[in-house]
Amino acid sequence: MHMIQSVGILGCGALGRNLFHNLKSLKDVTTECFCRSIEKDDSLYQSSVREIEELFHCDLILIAVSDQSIIEVGQLLTTYSGIIAHCSGATPLHNFNGKSGVFYPLQSFSKSVIRSFKEIPLFIEGCNEETTKQLHSFAERLSNQVEKLSSDKRQKLHLAAVMSQNFSNHLFALTQAYLEKEAISFQALIPLLEDGLNNALHQNAKETQSGPARRKDTKTLDIHLSLLKEEKRLLPLYKQLSESIKTYYEEDL
């Protein structure tokens, strides 16, 4: 099996930058990138190429662009003879050149913070057995958690990530705004939130559920709804989530 020794990255956003810095730390692996526009004072400038074709000598090209641009970018690589892998959780495997795959890190990234891939789960898929083996072997150099996963299961995992992390973060944001408006410190909630998250992650979240909806405490629910009557965002969310909690546990009766 041929070992991947050179990597080209398409895209210099949050994911592309995190990939680049992690790959640069690997011994015996050369890494280059292509960005549509990059300034000379950018840390990636010295390792960037001016044309996509300048990456065609690489063993692997990683497509780290927005989901809606993956197919368009991949079609520019049809004459490339190495492995092409996109890095999206929601996009199915697309066979661009007979050596295509997926190289999906399950994490949120930002341009300003470079995360180590060592503890980030990497999910691999290839269009054939040889490509899958090469991607899996290479991924193990970056992460301690590498797993083969089909497009169908990866999309469902991505959906679960959005619902559990993105949705809960949105609730935090709405709650912070609500308390700020009421001149109450959000810091008071931190011990409760940390304990609740720890319980949910390390126990059965269904069994650790608490709150007035779980207890069917209609008096408290009515008080809360009254307090939220002017909150156009929070009021419908409170109603829907409370109803979901109530019916979820009623199904076990």
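Remarks
- Just one of the listed residues (213, 205) is assigned by TED's automatic domain parsing to the domain that holds residue 173, aliphatic (A, V, I, L, M), without any contact (Cβ under 8 Å) to a residue 24 or more places away in the chain and surrounded by 10 or more Cβ atoms within 10 Å (Cβ to Cβ), and it is 205.
- Residue check for residue 181: among the basic types (Lys, Arg), farther than 22 Å from residue 90 by Cα and not assigned by TED's automatic domain parsing to the domain that holds residue 209: no
- Residue 188 of a type in the set (Gly, Ala, Ser) and surrounded by 13 or more Cβ atoms within 10 Å (Cβ to Cβ): no
- Residues (assigned to a helix (DSSP H, G or I), in contact with a Ser or Thr (Cβ under 9 Å, 6 or more places away or on another chain) and of a type outside the set (A, V, I, L, M)) located in the stretch 182-224: 186, 196, 199, 212, 224
- Only one entry in 134, 68, 145 is farther than 16 Å from residue 13 by Cα and surrounded by fewer than 19 Cβ atoms within 10 Å (Cβ to Cβ), namely 145.
- Only one of the numbered conditions (1) free of Cβ contacts under 8 Å to residues at least 60 places away in the same chain; (2) farther than 24 Å from residue 149 by Cα; (3) not basic (Lys, Arg) is violated by residue 110, and that is (1).
- Pairs, first assigned by TED's automatic domain parsing to the domain that holds residue 175 and surrounded by 15 or more Cβ atoms within 10 Å (Cβ to Cβ) in the stretch 221-237, second assigned to a helix (DSSP H, G or I) and of a type in the set (Val, Ile, Thr), C-beta under 9 Å, six or more apart: 234/175
- Qualifying residue in the stretch 12-22 (condition: modelled with pLDDT under 90 and farther than 21 Å from residue 69 by Cβ): no
- The residue that is nearest to residue 240 (Cα to Cα), counting only those in the stretch 194-219 that are hydroxyl-bearing (Ser, Thr, Tyr) and touching a Gly at 6+ places or on another chain (Cβ under 9 Å), is 210.
- When 91, 78 are checked against the criterion of being of a type in the set (Ser, Thr, Tyr) and out of contact with any helix residue (DSSP H, G or I) (no Cβ under 9 Å at 6 or more places or on another chain), 78 stands alone in meeting it.
The values are calculated or read from the model by the stated rules, or taken from the named source; none is laboratory data. Keep in mind it's a predicted model, so treat the numbers as computed, not measured. FYI the Cβ positions are ideal-geometry reconstructions off the backbone, even for glycines, and counts take in every protein chain you see.
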